[in-house]
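Please read the structure below before turning to the comments.
The values are calculated or read from the model by the stated rules, or taken from the named source; none is laboratory data. Small disclaimer: the values here were computed from a predicted structure and weren't measured. Don't worry about glycine lacking a Cβ; one is built from the backbone with ideal geometry, like all the others, and counts go over all protein chains shown.
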Amino acid sequence: MRCWLIVALVSVFALPAFAQDLALRRVMLSSGGLGYFEYEATVEGDATLKLTVALDQVDDVLKSLVVYDDKGGVGGLSLPGKEPLRQTFKDMPFDQSAFESPAALLAALKGARISVGGPRALSGRIVSVEEETQTLPDGKTTTKRTRVAVLTETGLQQFILEDAENLQFADAALREKIGQALQSIQANRAKETRTLDLATRGQGRRAVRVAYIVSVPVWKASYRLTLPTDGTAPKAALQGWATVENLSGQDWNEVDLTLVSGRPVAFHQALYEAYYVTRPEVPVEVAGRLNPYIDRGGVAASEMRRASPPPPPPAPASAPALKSRDAQFEMAAVPPGQAAGAEQIQATDAATQVTFRFPNPVSVASGRTLSLPVIDRQVPAERLALYGTDPAARNPMAAVRLTNDGDTGLPPGILTIYERDKAGMVSYVGDARLSALPIGEQRLLAYALDEKVTVERDAAQTDRLATGTISGGVLRYSRVVRQTTTYRVRGPAKEARQLVVMQRRLPGWTLTKPDAKGVELSEGYYRIPFQLPGGDQTHTFEVAQEQTQLQELRLLDTSSDQIKVFAQAQEFDTRTREALTRVLQLQQAVSEAERRLAQVDAERQNIVQEQARLRDNLARVPANSDLQRRYLATLDRQETELEAIAKRRDDAEKTVRAARDALRSFVSQLG
């Protein structure tokens, strides 16, 4: 009795002064895949709070855990290592395999002193542990037995482990280690969780809040848009729902639930991993081996007076205590049993996110999915036909222009569209994808094929000169390239329709037709509206884009044919055309001079070739023959002609140089 009393007293004094388990009070889920979990407990004085989290969340908890204690402070956080069992056996005289059986434990602790009770009571040190096979009295059945040899004070004795009534290790320290190992094995069975011990320091009874951020399933938004019977009605009914999964491993009982739509920057760091710094290895110093300092020379260094270090900065004032709750975290006082409709949702539009907070507590069991309404109101919606996303299509898509005229943005999600007929019956007409819709913006939502409208399109391109100037011998001119897409549209026979054409915007080009007023630009497309008044007739629309291309032409390197084309271009001013005409004339003069020089060279070449033939023939005819004298006379006459040709060639070269100089001089003076 006295022993049990001592144990009870030890247990009481081992507990903190006052502690209460942390209870989950608030959950905030982000569309970025993060969840904010806030727990609360009431403590008195110094206390230790226990928080159990999943193993794969420990890194995020260590990164983001924050404690709010108005009247106290944080004492520290501790938790088992990532591999606590391995660390436990690191300093033990046995490993984990020793606990596979009693025989394995005794074999691992050979030499340890034990005392055995039973038919053969004895005490001594373990010498060996061997398994043997024994035949039972029936002579047929065998069984496994463990024979243990023990060195006692009277000598070596043996006993059968399975027959021993009790066995005790004599060394109290060894018994404690065995107990620690067994406790670690039991605690390690929960491999997927870790329990954190959070110490708080303070006085008096107070509330402590603990929060952290971990990865969670992304909550999803979905919408239902019901179009009215009147196709010209300015508004439609919009419902928005949020789908939430609780895969946290714990039930959410009466928690304050908040949903956030945004894209926060979030990181993960393996804080629960053990990292070691690699150090350079230094050889062991032994007698007879020295590693003297190696002098590699030096240079003279001037003595420098060092400035006195500045005085240390004054100690910073203690930071003010954290408030219990921020204004935006204050919970609304709503009776637990009251249902929260979409009109009661507290929606807030911040700089980078949209927040939906449910005024009533929410309960979701672990592993369950919950869908809650967050929006239910009338929104501006205009029906139209949307064409251009698929250029090969002959029919546009039926679409709705949705305008967000509310107080908060709308998260992205799937939109299911319904339509009421004249009898008030609702029909499903299609689905659309809604991207994030900030306040005041619009989205075109295509949901079905509009077979009442037929579109044919043709594309053409033209190229024309625009302007031209000459400067420094270079003609700088511009060309206007125009791409025109012609749409031939046959609209509905009995109703009007607005058609929005999505025309691909050409980078660096300008929309010249139609007028840019009323045209929108979205992700590389022009969104151009056209009105179809109704009636079974075809309407033609043109969309034109132009680009001005600037080009240069060096006049001295340009052929006469090109110069002639530009000299006749009516798009150029008179002065430029006259200058190009003069350049063309000077080019023709150069060409004429070069032609004459080429003629002179051709004549000379003919004579040179003829002289080569005559000299070859002279080598074959008899000396002093009439034929020889004839050849010699011809050669003499040709030499005279070559002298005249040489003079004419000099004159022709001068003419070419003069013509070229005149062209260069004129071109250099232009501009």
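Quick notes on this structure:
- Look at segment 153-165: where a residue is closer than 15 Å to residue 126 by Cβ and a partner is at pLDDT 85 or above and in a helix (DSSP H, G or I), sitting 6+ places away or on another chain with Cβ atoms under 7 Å, you get 161/102; 161/103.
- Pair list, Cβ under 8 Å, 6 or more apart: segment 123-145 residue touching a residue at least 40 places away in the same chain (Cβ under 8 Å), other residue surrounded by 10 or more Cβ atoms within 10 Å (Cβ to Cβ) and of a type in the set (A, V, I, L, M): 123/114; 123/116; 123/150; 123/170
- Here residue 621 does not fit the description of being touching a residue at least 12 places away in the same chain (Cβ under 8 Å) and surrounded by 14 or more Cβ atoms within 10 Å (Cβ to Cβ).
- Number of positions in segment 540-555 that are surrounded by 14 or more Cβ atoms within 10 Å (Cβ to Cβ) and either modelled with pLDDT under 90 or hydrophobic (A, V, I, L, M, F, W, C) (or both): 5
- Hits in segment 41-88 (condition: in a loop (DSSP other than H, G, I, E, B) and modelled with pLDDT under 85): 70, 71, 79, 80, 81, 82, 83
- Residue list for segment 545-589, restricted to those being among the basic types (Lys, Arg) and either free of Cβ contacts under 8 Å to residues at least 24 places away in the same chain or touching a helix residue (DSSP H, G or I) at 6+ places or on another chain (Cβ under 7 Å) (or both): 564, 575, 577, 582
- Residue under evaluation residue 521, criteria (1) among the aliphatic types (A, V, I, L, M); (2) surrounded by fewer than 12 Cβ atoms within 10 Å (Cβ to Cβ); (3) modelled with pLDDT of 90 or more, criterion not met: (3)
- Qualifying residues in segment 125-163 (those that are of a type in the set (Gly, Ala, Ser) and more than 17 Å from residue 102 (Cβ to Cβ)) - the one modelled with the lowest pLDDT: 139
- Summed over segment 525-583, the residues that are in a helix (DSSP H, G or I) and touching a Ser or Thr at 6+ places or on another chain (Cβ under 6 Å) give a count of 1.
- Looking only at segment 314-373, and only at residues there that are part of a loop (DSSP other than H, G, I, E, B) and among the basic types (Lys, Arg), the one that is modelled with the highest pLDDT: 368
- Spans of strands (runs of 3 or more DSSP E) in segment 196-285 with at least 3 residues out of contact with any Asp or Glu (no Cβ under 6 Å at 6 or more places or on another chain) and farther than 30 Å from residue 442 by Cα: 205-215, 252-262
- Residue that is farthest from the chain's Cα centre (by Cα) [pool: residues in segment 35-85 that are over 25 Å from residue 361 (Cα atoms) and among the hydrophobic types (A, V, I, L, M, F, W, C)]: 47
- Restricting segment 380-435 to residues that are more than 30 Å from residue 457 (Cα to Cα) and basic (Lys, Arg), the residue that is modelled with the highest pLDDT: 420
- Residue in segment 150-166 that is in the same structural domain as residue 256 (by TED's automatic domain parsing), assigned to a strand (DSSP E or B) and of a type in the set (S, T, N, Q) present: no
- Test: residue in segment 517-532 that is farther than 30 Å from residue 435 by Cα, out of contact with any Gly (no Cβ under 8 Å at 6 or more places or on another chain) and of a type in the set (Val, Ile, Thr): no
- Criterion: farther than 30 Å from residue 520 by Cβ and out of contact with any helix residue (DSSP H, G or I) (no Cβ under 9 Å at 6 or more places or on another chain) - qualifying residue of 616, 536: 616
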